[in-house]
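What follows is a short report on a single structure.
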Amino acid sequence: MPSSVTVTVPATTANIGPGFDCLGAAFTLYNRFHFTPFTPLSDSESFQITVEGTEASRVNTGASNLVYRAYLKCYKRIGKPAPPVHIRINLGVPLSRGLGSSSTAIVGGIVGANTLAGSPLNEAALAKLANELEGHPDNVVPALLGGARLSAIARGQLQICDLPWHESVIPVVIIPEFELSTVDARRVLPGQYSRADAVFNTAHIGLLLRGLATGNGDWISGGMRDRIHQPYRKKLIPGYDDVRRAALRAGALGMVISGAGPTLLALALPDAAEPVREAMEMAWRSQEFASRGYCLGLDLRGAIAEAIG
């Protein structure tokens, strides 16, 4: 067993445009999780959790911590007892903002456990376990594997497609300082959709995927439109329409809600990326909350485990 393991996991965006619950991508923003087994002083001492970062005080350090729960779940899947462990979390991904913070916790926990145990689970088994814990694959799969990924359950099995993302397509995110829970974001969605809406999204996800692969701005711009989740969720995000108009005027190919929100994601070509970031920040300055924009890159590595000893 290694004396310690550090797992670096990227932030993710999901539900990109018409890709509800199936399309996600990993970005160059990270959480880090350090796992150090220890010998307990008493039978009741099975774990320790410390958290560092700007939102550290908001993270649960008890037994219900998501990283620790994932760690235990992985050892259960392996069929071995989980060793007592000190988990140190370094936060770089904002909590409950639509950038996959919970997925980083799940992936960090299972990859840390798997590495400490000698890596008995392969990538496919880890992806399956992560999907079981999260309930849908669009965030956890790119967090684990990196890149842009299309995930679906086919004949009861998790199927994952690696999607090409043209190097000229720059993700620009603006992150507000308020939260929107996935539960609340799902609550506003209708229980049924029309055939027209289903056909619309089917056509547009194909258009978006070809646009991302080729860098064709017209295809990306058309393909980012959606009728399944964004028309309903945008009402939960103050100033959404103002930010979208500003992004498009500045040259964005399109703008969507990142994950369940409230972070907003624009896609832009290189010359427009910085103007788009500035325009999105400016558009939200009239609101009562602060926000900050970033021009990010596509993370191609996914979760990286480094073992010591």
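General observations
- Evaluating residue 122 against the criteria (1) without any contact (Cβ under 8 Å) to a residue 12 or more places away in the chain; (2) of a type outside the set (Phe, Trp, Tyr); (3) surrounded by 22 or more Cβ atoms within 10 Å (Cβ to Cβ) leaves one unmet condition, (3).
- Top-ranked residue in segment 3-59 [being charged (D, E, K, R) and touching a strand residue (DSSP E or B) at 6+ places or on another chain (Cβ under 6 Å); ranked as surrounded by the fewest Cβ atoms within 10 Å (Cβ to Cβ)]: 52
- Enumeration of residues in segment 99-119 that are open to solvent by less than 30 Å² (accessible area, probe 1.4 Å) and farther than 21 Å from residue 36 by Cβ: 99, 100, 101, 103
- Filtered residue count, segment 185-201, keeping only those that are in contact (Cβ under 8 Å) with a residue 60 or more places away in the chain and open to solvent by 40 Å² or more (accessible area, probe 1.4 Å): 1
- Residues that are without any contact (Cβ under 8 Å) to a residue 12 or more places away in the chain and closer than 20 Å to residue 4 by Cβ within segment 78-97 comprise just one, 81.
- Test for residue 260: is it at pLDDT 95 or above and surrounded by 15 or more Cβ atoms within 10 Å (Cβ to Cβ): no
- Selection over segment 138-187 of residues that are hydroxyl-bearing (Ser, Thr, Tyr) and part of a helix (DSSP H, G or I) gives a count of 1.
- Number of positions in segment 60-98 that are within 21 Å of the chain's Cα centre (by Cα) and open to solvent by 60 Å² or more (accessible area, probe 1.4 Å): 5
- Only one of the numbered conditions (1) more than 16 Å from residue 17 (Cβ to Cβ); (2) at pLDDT below 95 is violated by residue 196, and that is (2).
- Residue match in segment 298-305 (condition: assigned to a strand (DSSP E or B), in contact (Cβ under 8 Å) with a residue 40 or more places away in the chain and in contact with a helix residue (DSSP H, G or I) (Cβ under 7 Å, 6 or more places away or on another chain)): yes
- Every residue from segment 59-77 that is farther than 16 Å from residue 7 by Cβ and assigned to a helix (DSSP H, G or I): 76, 77
- Selection of segment 243-255 for residues being among the hydrophobic types (A, V, I, L, M, F, W, C) and surrounded by fewer than 24 Cβ atoms within 10 Å (Cβ to Cβ) yields 246, 248, 250.
- Any pair with Cβ under 6 angstrom, 6 or more apart, that starts in segment 212-223 at a residue that is more than 19 Å from residue 244 (Cβ to Cβ) and ends at one that is small (Gly, Ala, Ser) and in a loop (DSSP other than H, G, I, E, B): 215/168
- Applying the criterion of being crowded, with 22+ Cβ neighbours inside 10 Å and within 14 Å of the chain's Cα centre (by Cα) to the residues of segment 147-170, the residue that is farthest from residue 245 (Cα to Cα) is 151.
The values are calculated or read from the model by the stated rules, or taken from the named source; none is laboratory data. Treat the numbers as computed from the prediction; the structure is a model and nothing was measured. Ideal geometry is used to build each Cβ from the backbone, glycine not excepted, and the neighbour counts take in all protein chains shown. Calculation scope for accessible area: heavy atoms of the full protein, side chains included, ligands and nucleic acids excluded. Shrake-Rupley method; radii C 1.70, N 1.55, O 1.52, S 1.80 Å.
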